[in-house]
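The values are calculated or read from the model by the stated rules, or taken from the named source; none is laboratory data. What you see is a predicted model, and the numbers here were worked out from it, not measured in a lab. Methodologically, a virtual Cβ is constructed for each residue, glycine included, from the backbone with ideal geometry; neighbour enumeration extends over all protein chains shown. Areas reflect the complete protein model, heavy atoms only, side chains present, ligands, DNA and RNA absent. Shrake-Rupley method; radii C 1.70, N 1.55, O 1.52, S 1.80 Å.
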Amino acid sequence: MANRLPPLSALYAFEAAARHESFTKAADEICRTQSAVSRHIRSLEAHFGVELFRREHRKVELTRAGREFYEVVAISFRQIGHGAQRLTGEGYAGKLSICMHSAIAHLFIVPRISRFRQLYPEIQLQIVSLERNPVPGSDRFDVLIVMGHQPDQDFVSRPLFKEEIFPVCSPRYLKGREKLRNATDLVSETLLHFDDAAYCGPWAPINWDAWLRHFGASRVSRTGGMSFNNYTMTIQAAMRDGGIALGWHYLILDYLRDGSLVRPIELSYQCDRTQHIVVPYEFAHRIEVCAFTEWLENELQDLQVTMAI
């Protein structure tokens, strides 16, 4: 069996390269040169007789065989890490601190966190919410959920989902009103405004003005509407017949499913902004961190499947 296994160093380089889909980022993470990572990948491809990556100009991409092998390697590495920590008596005893924007905490994480607690009752959770985007360099937590994290050698990050933004309101708000047919029809409605500027960084805020402008409609007057500095309050006002808000897809999906919110118009804005899960490099292999990040990614995969159905 041992003779049929490739060198561990090659598997280590492959796991990092496959996770980042980048030889350069993998080299930075494992403290090797890019050429060394490339040699490890070529040795694995020669060992198995299959191509694991497609090399394109300035980027690499996993082949189907590479993706299947990555799933096996990633699971194996996690199991080894978990086994080693149990062997040394570490178990799940540590506290896990998680930081994120308040909207994600209130609307996405907290409604689902009991499922994580059922799986890992030994982990002591501390969930911290902020009225801004967390800053990994100064907000010291074990795990952060960050919009638009920039690559940093001190942190390991993975994209979670891109934002999709569309109007939502309560079913009662629409009763007796004429059907909305385009973005211009929204201008005369009661619009609920959220100050998105504190959640941005290098990205422009996604407010009603920006959303309507994307669909060729004019700016809106805030006369007669309401403004909030908290996204959860904005959504609660929409559910209580207060007007039409901009819904961030993953955060309001549960309310669309139970009928508390509906979409008055089918227009939807796919943003470039992406939510990332970010972990300080020194915490990346802690068993509590791996348990939470794996659970969160599985939750999102389940959502994507049900949304497709």
Checklist entry - Against the longest principal axis of the chain, how steep is helix 249-258, in degrees 0 to 90 to the nearest 10, with axes from Cα atoms? => result 60 degrees
Item to check | Surface accessible to a 1.4 Å probe, Tyr281 within the full protein complex, Å² | outcome: 80 Å²
Checklist outcome for this item: Quick calc, Arg213 & Glu61: beta-carbon distance into FRET formula, R0 25 Å, rounding 0.05, result 0.15
Next on the checklist: If you average the alpha carbon positions of the range 117-186 and of the range 284-304, how far apart do those two centres end up, in angstrom?
Outcome noted: 16 Å
Checklist entry - aspartates and glutamates within cross-link reach of Lys179: Cα-Cα under 16 Å, excluding same-chain residues under 8 positions apart? => result Glu189, Glu266
Checklist entry - Can you give the Rg and Dmax of the chain based on its C-alpha atoms, in angstrom? => result 22.6, 74
Checklist entry - Once you put a point 7 Å from the Cα of Asp154 and another 7 Å from the Cα of Ser114, both along the Cβ direction, what distance in nm separates them? => result 3.9 nm
Item to check | At R0 = 22 Å, FRET efficiency that the Cβ-Cβ distance of Glu51 and Leu5 yields, to 0.05 | outcome: 0.65
Checklist entry - In the full protein assembly as shown, how much of Glu288 is accessible to a 1.4 Å probe, in Å² to the nearest 10? => result 10 Å²
Item to check | Qualifying lysines (Cα of each under 30 Å from Cα of Lys95; at least 8 residues distant if same chain) | outcome: Lys25, Lys162
Checklist outcome for this item: Accessible-area order for Lys95, Lys175, largest to smallest, probe 1.4 angstrom, reads Lys175, Lys95
Next on the checklist: I want to check the label-to-label distance for Asn298 and Arg172. Put each point 7 Å from Cα in the C-beta direction and report it in nm to one decimal.
Outcome noted: 3.9 nm
